[in-house]
């Protein structure tokens, strides 16, 4: 028998008494409250981060729900490093896509305000309410180009006309703005069209290409000053073009983005189909216009036309986007997110390239320049180039996805070693750098328990010392958030697969939990260590409701190498479906998931997968699906990205009809027993609402419980009315509670 000595026993008693006294005197720790449905949907997202040319200021674009006006409000904010203060720059609710002038004196942006000379709703306005009122009225109005000074004052429009502006860029000397709009019609042309066609829609006959205009800033400001307080007349509003704008180029396609070289001598743009449907990959290419003016100090010289017609820089089977000029004024950066530059069409992970855009003359036959050198950046990186920014020294900073992390890395040139920039675990997004020699960078950052905010660092080598400059989502840090970790398993063919597990608050790494399999869309995407709170990514609400949320990065996901991404072809749903089901099996076998309380859901491609999986197993007690196809022929015909659909299925519908049938859920619906909740946007083009009606009709025929919610006016993104997304998730949570076996756990509305 062991005995405790008197001295030791006395010390133990004294220690125990001290502990009791400390516990009595110390204030009780108040547990953090659970996240509510209302709080979740008041999250602020970020649409833009732009550093001023000198690196001393940051303009930030935000988006947040306005429940009263039933719109998403888009505003611009300005942060100055000299004061450390964040100020609201605009208040109209319609402002986005900011760009600094190269001298830092102006910020240009696109806005869908209620009038062309709108002065209400800015930082200099007297009443914020005027801007809010405008936000609820003309939400479908075409965007015009506005200017605002970072030193304060009201924003004012510098473009007008019946057609909106969809791309713009500053000249190298800040004296000119270039913008793209649809080929303007005269009033007579508009009247004749209305007379002949009434309200008939000529599906392709009404399409017309774009014009790129040049606008002298000094003259535009003089016209604005002359306008004064006078209201713009109806005739001026209906004018076919912006006064003073000089046409420099025409193209029978849509200009998606414009970028001007730092020396102002070259204008590059990327095109897309005028229908805004990606039907032919050859309609998406890079073009170059050689400008005659450069950085001339003669303001009148900017009225001269471009030297030559646009030169086509590329001819490939890829979708180019996100143009940025290198500091050397010769190379043009661009990303590819669909298709291939190197070979016939395929969908590896998104990549970054640059092309030599020197002054080689165009071929007189087709306007295509001589073969240009194209080099791939971060070619040895196994994962995905999510976003990037050129740095003043000629190197590139990349937000690169590998596995469940999105980290910052840099490369000095396409052949140099890739340098990982040490920071925090989590996800870095939309990095931005200054055009000057300032080393300062800004970016968005989040992790599963750290809501998204904007940060600034003194250089790429000081990412770990970055400081937050916003606190829009601070409330989430005051709530009992779920914890998450990665999970790995082996699929049926021996391939290693990874995903995320998000646990209910207070139950991290608990066993035998009810599990909701939440499938990401894309498929070019991945779930990981990041924070998101919206109608699409509502895993935190599901976890708060008591579910273990399993987010599988199935075959086709990014961050795991090109081979992994390409193995989805031509088994568009059956291959990733096996990855997901083997993951469910592994979690049940490991004792983590309760085999009798399983549910499944997803949106877009996640909806495709949900619709397929309920035909493959009856183990799921409930399903929630949105904007997911149940067949592929009609979906190919209506989709706005048709070439990737055909690629995933190994050919066009008449080339591989058996594959279109074997990978379609509708032909196996006789096996479905899972109660299924369905949502769709009435105006969705990406996945036509027809697919959701087909799904609901099949379930109704089979007497399987179902519910279909259609949101009027919404496309694929559900970005028109915030109530639609909130209602979507509210009802999906109720459905999981009703059929999934987690009774009474739906997060409540805020008291």
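Let's see how each residue does on (1) in a loop (DSSP other than H, G, I, E, B); (2) out of contact with any helix residue (DSSP H, G or I) (no Cβ under 8 Å at 6 or more places or on another chain); (3) modelled with pLDDT of 85 or more; (4) farther than 14 Å from residue 177 by Cβ:
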residue: 207; (1), (2), (3), (4): yes, yes, yes, yes
residue: 213; (1), (2), (3), (4): no, yes, yes, no
residue: 220; (1), (2), (3), (4): no, yes, yes, no
residue: 229; (1), (2), (3), (4): yes, yes, no, yes
residue: 236; (1), (2), (3), (4): no, yes, no, yes
residue: 250; (1), (2), (3), (4): no, yes, yes, yes
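Counting only residues that are more than 14 Å from residue 507 (Cα to Cα) and within 22 Å of the chain's Cα centre (by Cα), segment 534-565 holds 20 of them. Within segment 652-671, the presence of a residue that is touching a residue at least 40 places away in the same chain (Cβ under 8 Å), touching a strand residue (DSSP E or B) at 6+ places or on another chain (Cβ under 6 Å) and surrounded by 15 or more Cβ atoms within 10 Å (Cβ to Cβ) is excluded. Within segment 495-516, identify whether any single residue is in contact (Cβ under 8 Å) with a residue 12 or more places away in the chain, at negative phi, assigned to a loop (DSSP other than H, G, I, E, B) and buried (at least 24 other Cβ atoms within 10 Å of the Cβ), and answer yes or no. No, segment 495-516 contains no residue that is in contact (Cβ under 8 Å) with a residue 12 or more places away in the chain, at negative phi, assigned to a loop (DSSP other than H, G, I, E, B) and buried (at least 24 other Cβ atoms within 10 Å of the Cβ). On inspection, residue 569 fails the criterion of being in contact with a helix residue (DSSP H, G or I) (Cβ under 9 Å, 6 or more places away or on another chain) and assigned to a strand (DSSP E or B). In the set 115, 97, only one residue is at pLDDT 95 or above and either surrounded by fewer than 21 Cβ atoms within 10 Å (Cβ to Cβ) or in contact with a strand residue (DSSP E or B) (Cβ under 9 Å, 6 or more places away or on another chain) (or both); that residue is 97.
Is it true that some residue in segment 716-724 is within 27 Å of residue 633 (Cβ to Cβ) and in contact with a helix residue (DSSP H, G or I) (Cβ under 8 Å, 6 or more places away or on another chain)? Yes: segment 716-724 contains one or more residues that are within 27 Å of residue 633 (Cβ to Cβ) and in contact with a helix residue (DSSP H, G or I) (Cβ under 8 Å, 6 or more places away or on another chain).
When 39, 75 are screened for being within 19 Å of residue 533 (Cβ to Cβ) and free of Cβ contacts under 8 Å to residues at least 40 places away in the same chain, only 75 passes. Does residue 454 meet the test of being at positive phi and part of a strand (DSSP E or B)? Here the answer is no, as residue 454 does not meet what is asked.
A single member of 634, 664 is under 29 Å from the mean Cα position of the chain (by Cα), at negative phi and at pLDDT 95 or above, and it is 664. The set of residues in segment 381-438 that are without any contact (Cβ under 8 Å) to a residue 40 or more places away in the chain and in a strand (DSSP E or B) comprises 400, 407, 409, 411, 419, 420, 428. Scan segment 678-712 for residues that are surrounded by 18 or more Cβ atoms within 10 Å (Cβ to Cβ), touching a residue at least 40 places away in the same chain (Cβ under 8 Å) and part of a helix (DSSP H, G or I) and the total you get is 5. Selection of helices (runs of 4 or more DSSP H) fully inside segment 585-677 by the criterion of at least 2 residues being in the same structural domain as residue 535 (by TED's automatic domain parsing) and under 17 Å from residue 692 (Cα atoms) returns 605-616, 633-638.
The values are calculated or read from the model by the stated rules, or taken from the named source; none is laboratory data. Just so it is clear, the structure is predicted and the values come from calculations on it, not from any experiment. Neighbour counts are summed over all protein chains in view; Cβ atoms, including those assigned to glycine, are modelled from backbone coordinates with ideal geometry.
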